[in-house]
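Written below as structure tokens is the structure these notes are about.
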Amino acid sequence: MTLALDRSTETVVPAVPTVAGASLRVPLVTGGDIGYANLDHAASAPCLDAVRSAVDEFIPWYASVHRGAGFASQVSTRLYERTRGVLRRFVDARSGDSVIFTRNTTDAFNLLAKALPRKTSVVVFDSEHHAALLPWRGPNVRRVQLPRTRLAAVSVVDEALAECPQGPRLVVVAGASNVTGELLPVAEIAAVARKHGARVALDAAQLAPHRRISLRELDVDYVALSGHKLYAPFGAGALIGRSDWLRAAEPYLAGGGATKLVTEEAVVWNSGEERHEAGSPNTVGVYALGVACEQLAAQWDAVGAHEAALLERLRKGLAGLPGCAELRFFDAPVDRVGTVSFVVDGFEPGWLAAVLSAEYGIGVRDGAFCAHVAARRLIREAGGEGQQAVRVSLGLGSTEEHVDRLVLALRQIVARGARWEYTKVDGRWAPVGDTRELPGFCA
């Protein structure tokens, strides 16, 4: 398939870390194949080539961590514990902060929820991803709607904290929205939280792959992040932050590794990070996460320039698409990462995503993006008729050609429709009579 792309506005951006799958080609329902345009980084980012190489080098040495006398076990333990320091530096944590390895951001926030002191009041925006919205339960949880200005967002938190009863308090806030890419006023919210004696937990799942994070500068107490968003898709994440609540809490999981001593009458639990890491840890995933963080930290300027150029190109292209309305929380333009969600008048988002994939080799996301409350509100405000939108998310695997192909494809679809017939299968749009074969390893 040949697309007539306008190259007159190409810009030169610095080289960034490369990703596995950059040369991947996918079959088209219309025949032939095309280079895959991965515009779904916000869901799961591809693996960095450097991470894949590091994992390949480590795999022969993989063994149990902690307490193993074998040399391979010592190597694995060294890498596992060294990565705590890597993560601590990556988020500019305080020297006494704990680094607890988890499966992902969802796991990290569920761990923190279990560690809260009794009767802790929690203030959380309804705009949060479900990972940061749902772990907090009970009468002391206050969900507040994210207002249309950053200043009002700070005021809403101030008012909510003032209404909380005496006792421990926690504010939960995303660094960047996974729906719109907009950055929230984290430092300003943290300053208000301090006034009320509250702590702040930062959801950095969408921020960490794109921007440098400093717990010290933001003055937040906890940060949660996921490896699969950070170009390390091996099943590891982390909760990093103040140790006192974590050490005082019951272990997140009961089992080996979390224990110091077990007798017939009692259990003595570990007091450090291992207290919440029962079971054989995901050593490979943890090491991969550390390698990815080191790679990004060494090239933030290039990463930022790359994504800023692509984001500007994308938003300019979408602005010229008839019937296209972009979702956004704030009325005024704010700093943002490379995520854009939109609706197109007269076109169902799920159908659009299916056509983009089957006929153009473009991967985007459709739905409410695990932020149902906020996404559906924004869709209504943008004039959308349903409860879903299309989300395009950029990253290190994105190129100008990918962005241009998406914009041109949308123009062609809006102007002429699809070239193939589609039907719903198990609630999802799919090409009728699709004969494309999955790779052999899927059999």
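What does the net charge come to around ALA258 if you take all other residues with beta carbon closer than 14 Å to its beta carbon, with K and R at +1 and D and E at -1? List each step's numbers first, then the result.
Values: positive: ARG67, LYS114, ARG247, LYS260, ARG275; negative: GLU250, GLU273, GLU274, GLU277.
Combined, the nearby Lys, Arg, Asp and Glu give +1.
For the chain, the residue among GLY290, GLY417, PRO17 whose Cα projects farthest onto the positive side of the dipole built from Cβ charges is GLY290. Taking other residues whose beta carbon is less than 11 angstrom from the beta carbon of GLN412, and scoring Lys, Arg as +1 and Asp, Glu as -1, yields +3.
For a straight C-alpha distance cut-off of 26 angstrom, the lysines reachable from LYS229 (same-chain residues fewer than eight places away being disregarded) are LYS114, LYS316. Available extension along the chain between HIS196 and ASP126 is 23.1 nm, counting 0.36 nm per residue and deducting the alpha carbon span. Modelled label positions at ALA162 and PHE441, each set 7 Å beyond Cα in the direction of Cβ, lie 5.7 nm from each other. Of [x] 22.9, 76; [y] 20.9, 63; [z] 22.1, 67, which is the value of Rg and Dmax of the Cα atoms in Å derived from the coordinates here? Only one listed value fits the structure, namely [x].
The GluC sites (Glu not before Pro) of the range 223-328 meeting both criteria, a DSSP state outside H, G, I, E and B (loop) and at most 14 other C-beta atoms within 10 angstrom of the site's C-beta, are GLU264, GLU265.
Relative to the longest principal axis of the Cα atoms of the chain, the long axis of helix 372-381 makes an angle of roughly 40 degrees. Comparing SER155, GLY32, GLY197 along the charge dipole axis of the chain, the residue lying farthest to the positive side is GLY197, per the Cβ-charge model. Rounded to the nearest 10 degrees, what's the angle between the helix 400-416 long axis and the longest principal axis of the chain, both from Cα atoms, 0 to 90? It is inclined by approximately 50 degrees. For the range 400-435, chymotrypsin sites (Phe, Trp or Tyr not before Pro) meeting the loop criterion (DSSP other than H, G, I, E, B) and having at most 16 other Cβ atoms within 10 Å: TRP420.
Label separation (TRP61 vs ARG376): 5.0 nm, computed from points 7 Å beyond Cα along the C-beta direction.
In a GNM of the chain with a 10 Å cut-off on Cα contacts, which of ASP335, ASP126, ASP92 has the highest mean-square fluctuation? Looking only at ASP335, ASP126, ASP92, the largest GNM fluctuation is found for ASP335. The long axis of helix 105-115 is offset from the longest Cα principal axis of the chain by roughly 30 degrees. What the phi angles of the range 80-95 give under the Karplus curve with 6.51, -1.76 and 1.60, with θ = phi - 60°, is a coupling list of 4, 6, 4, 5, 4, x, 4, 5, 4, 5, 4, 9, 6, 6, 6, 4 Hz, glycine and proline written as x. Across the range 246-255, computed HN-Hα scalar couplings (Karplus, 6.51 cos²θ - 1.76 cosθ + 1.60, θ = phi - 60°) run 5, 6, 7, 7, 4, x, 4, 10, 9, x Hz from first to last residue, x flagging Gly and Pro. Scanning residues 5 or more positions from GLY235 or on other chains, those with amide H under 5 Å from its amide H are HIS228, with H placed 1.01 Å from N in the peptide plane.
Other residues with beta-carbon under 10 Å from the beta-carbon of GLY167 carry, at +1 per Lys or Arg and -1 per Asp or Glu, a net charge of +3. Express as a percent, rounded to the nearest 5, the fraction of DSSP beta bridges in the chain (both residues included) that run antiparallel. Roughly 65 percent of the beta bridges in the chain run antiparallel, per DSSP.
Among PRO333, PRO349, PRO233, the largest mean-square fluctuation in a Gaussian network model of the chain, built with springs joining Cα atoms closer than 10 Å, belongs to PRO333. Here the Gaussian network model covers the chain, with springs between Cα atoms less than 10 Å apart; of LEU24, LEU225, LEU261, LEU261 fluctuates the most. Farthest towards the positive end of the charge dipole of the range 231-373, among the residues PRO349, GLY367, ASN270, is the Cα of PRO349, using unit charges on the Cβ of Lys, Arg, Asp and Glu.
Read the figures in this text as sums done on the coordinates, not as results from a lab. Bear in mind that the values here come from a model prediction, so they are computed numbers and not experimental data. Here the Cβ is made from the backbone with ideal geometry for all residues, glycine too, and neighbour counts use every protein chain on show.
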